[in-house]
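Visitor: Got a structure here, written out as structure tokens. Questions coming.
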Amino acid sequence: MKKKLIIGFLLILFNGTAALACDICGCGVGSYYLGILPEYNKRFIGLRYQHKKLSTHLGPLGERTPITADETYQSAELWGGWNIGQRFRVLAFVPYNFNERKSQTGDGSKNGLGDIAIMGYYKLFDKMGTVGSKMMVQSLWIGGGIKAPTGKYEPSERLAIQESPNNFQLGTESTDFTLNAAYDIRYNDLGLNANVNYKMNTENKYDYRYGNKFTSNVIVYYKIRIAEKVTVAPNAGVLYETADKDVELKKYDVAVSGGYSLSAIAGVEVGMKGLSFGANYQNVRSQELAGGRAYAGNRVMVHLSLPF
């Protein structure tokens, strides 16, 4: 019965994205990349920094034009996790965003609090055994979450630039919900980590609804133990993002939204007593964004966390 529930949950997530066409993936508001969580037993708190680039107002064939804008999205995010008993886990994210736009028609910037999100997980299983002489460990967590409209949304941004994605915002002004699943399997020191997140958006008070968004990543890692005090885990994998087109006035699809992005990930995680840190580089290998009118650049993420 438990296996059927697991399969059913994952099928709902993946089938729900089959016909999606995506928002500008990984940039602007609402990025939900998790990756490998830092090691902790009870609780952790930390900081994450993300740096992303996006070019908008491209021509019909993706070429640069006199009004092409180069946008940079940075966020400093306070995040943390709390294991409650043996079966429950809560993750929270409080981002502070730094948006910058440069173009021949004028530059601009926006700094401020983003949309706060909370995710809850329930552990379906956590198994430990041996295969031959090697240890095999695996776990599966599923859950859901909510994103609060704490970041500032400016409707004038959408009205002023009709042919550009509505991404240059600090928040969405909408309360949104997520479905989440996280799976990890490790054979001795070689492991695989997978996360899926499906974000269901609601309409804000300005009759604008960002497209529902799907994020998934699969990462292979290897733990190297140094003097039984430090663990170094180089890792590599893929990140895929996709979401519906945005909708305004309850029925009109926004033309300059939609698409997908597929990125290759390479990084390292370091854990020691009382401290964890890591970094990864996300190289966008394939994309189709806003009908070719936008182009996402590569991304960097670094984090530092303290278990307690």
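We did not get these values from a lab; they are worked out from the coordinates using the rules stated. For clarity, every value in this text was computed on a predicted model and none was experimentally measured. Here Cβ is always computed from backbone atoms with ideal geometry, including for glycine, and neighbour counts include all displayed protein chains.
Visitor: Got a sec? Charge dipole of the chain, +1 on Cβ for Lys and Arg, -1 for Asp and Glu; which of GLY292, ASN99, ILE36 is way out at the positive end?
Guide: It is ILE36, whose Cα lies furthest towards the positive end.
Visitor: Order by neighbour count: PHE277, PHE44, PHE125, PHE168, fewest other Cβ atoms within 10 Å first, most last. Mind dumping the intermediate values first?
Guide: Values: PHE277 17, PHE44 20, PHE125 11, PHE168 24.
Ordered from fewest to most neighbouring Cβ atoms within 10 Å, PHE277, PHE44, PHE125, PHE168 come out as PHE125, PHE277, PHE44, PHE168.
Visitor: While we're looking at this one, here's another question. If the cut-off is 19 Å between C-alpha atoms, which lysines fall inside it for LYS52, apart from same-chain ones fewer than 8 positions away?
Guide: LYS102, LYS110, LYS213
Visitor: Mean-square fluctuation check for the chain, GNM, Cα pairs under 10 Å: which of TYR187, TYR260, TYR121 is largest?
Guide: Fluctuation is largest for TYR187.
Visitor: For SER156, SER55, what's the fewest-to-most ordering of other Cβ within 10 Å of each Cβ? All intermediate terms of the calculation are to be shown ahead of the outcome.
Guide: Working: SER156 8, SER55 18.
In order of increasing Cβ crowding within 10 Å: SER156, SER55.
Visitor: May I pose another question? Which entry in (1) 35, 21, 18; (2) 42, 21, 16; (3) 30, 23, 21 matches semi-axes √(5λ) of the Cα gyration tensor in Å derived from the coordinates of this structure?
Guide: Answer label, from the structure shown: (1).
Visitor: Please report SER133, SER305 as a ranked list, fewest other C-beta atoms within 10 angstrom at the top and most at the bottom.
Guide: On the way: SER133 6, SER305 22.
Starting with the residue having the fewest Cβ neighbours, the order is SER133, SER305.
Visitor: Report the charge-dipole magnitude of the chain in Debye, nearest 20, computed about the Cα centre from +1 at each Lys and Arg Cβ and -1 at each Asp and Glu Cβ. Intermediate results must be reported in sequence, preceding the final value.
Guide: Details: 35 positive and 27 negative charges, 256 e Å.
In debye, rounded to 20, the chain gives about 1240.
Visitor: Another one. For the range 254-262, just list the computed ³J(HN,Hα) in residue order, Karplus coefficients 6.51, -1.76 and 1.60, θ = phi - 60°, integers in Hz, with x standing in for Gly and Pro.
Guide: 7, 4, 8, 8, x, x, 7, 9, 10
Visitor: So, one more: What is the sum of charges, Lys and Arg at +1 and Asp and Glu at -1, for the other residues whose Cβ falls under 14 Å from the Cβ of TYR281? Don't skip to the answer; put the middle values down first.
Guide: Details: positive: LYS52, LYS53, ARG285, ARG299; negative: GLU269.
Charge balance near TYR281 sits at +3.
Visitor: With θ taken as phi - 60° and the coefficients 6.51, -1.76 and 1.60, list the Karplus ³J(HN,Hα) couplings across the range 226-243 in order, rounded to whole Hz; mark glycine and proline as x.
Guide: Here the 3J(HN,Hα) series is 10, 6, 6, 10, 10, 10, 10, 10, x, 8, 8, x, 9, 10, 10, 9, 7, 6 Hz.
Visitor: Go through the range 151-156 residue by residue and turn each phi into a ³J(HN,Hα) via Karplus (6.51, -1.76, 1.60, θ = phi - 60°); whole Hz please, and just put x for glycine and proline.
Guide: x, 6, 10, 10, x, 5
Visitor: Of PRO60, PRO38, PRO234, which has the largest mean-square fluctuation in a 10 Å C-alpha GNM of the chain?
Guide: PRO60
Visitor: What aspartates and glutamates sit close enough to LYS53 to cross-link, taking a C-alpha to C-alpha distance under 16 Å and skipping anything fewer than 8 places away on the same chain?
Guide: The reachable aspartates and glutamates, counting only those whose Cα sits under 16 Å from LYS53, are ASP23, ASP70, GLU71, GLU100, ASP107, GLU241, GLU288.
Visitor: Between the range 251-308 and the range 185-214, what's the alpha-carbon centroid distance in Å?
Guide: The two parts, judged by their Cα centres, are 12 Å apart.
Visitor: Here's something else I'd like to know. Please list the non-local residues whose amide H lies under 5 Å from the amide H of THR150, H modeled 1.01 Å from N, same-chain partners needing a gap of 5 or more.
Guide: ILE116
Visitor: Can you give the calculated 222 nm mean residue ellipticity of the chain, where each DSSP H run of n ≥ 4 adds -39,500 (n - 2.57) and the sum is split over every residue, rounded to the nearest 500 deg cm²/dmol? If you can, show how the numbers build up before the last one.
Guide: On the way: 2 runs with 20 residues, N = 308.
Calculated at 222 nm, the ellipticity per residue is -2000 deg cm²/dmol.
Visitor: Pick from GLY129, GLY144, GLY81: which residue has the top mean-square fluctuation in a GNM of the chain where Cα pairs under 10 Å get a spring?
Guide: Comparing GLY129, GLY144, GLY81 in a Gaussian network model of the chain, the most mobile one is GLY129.
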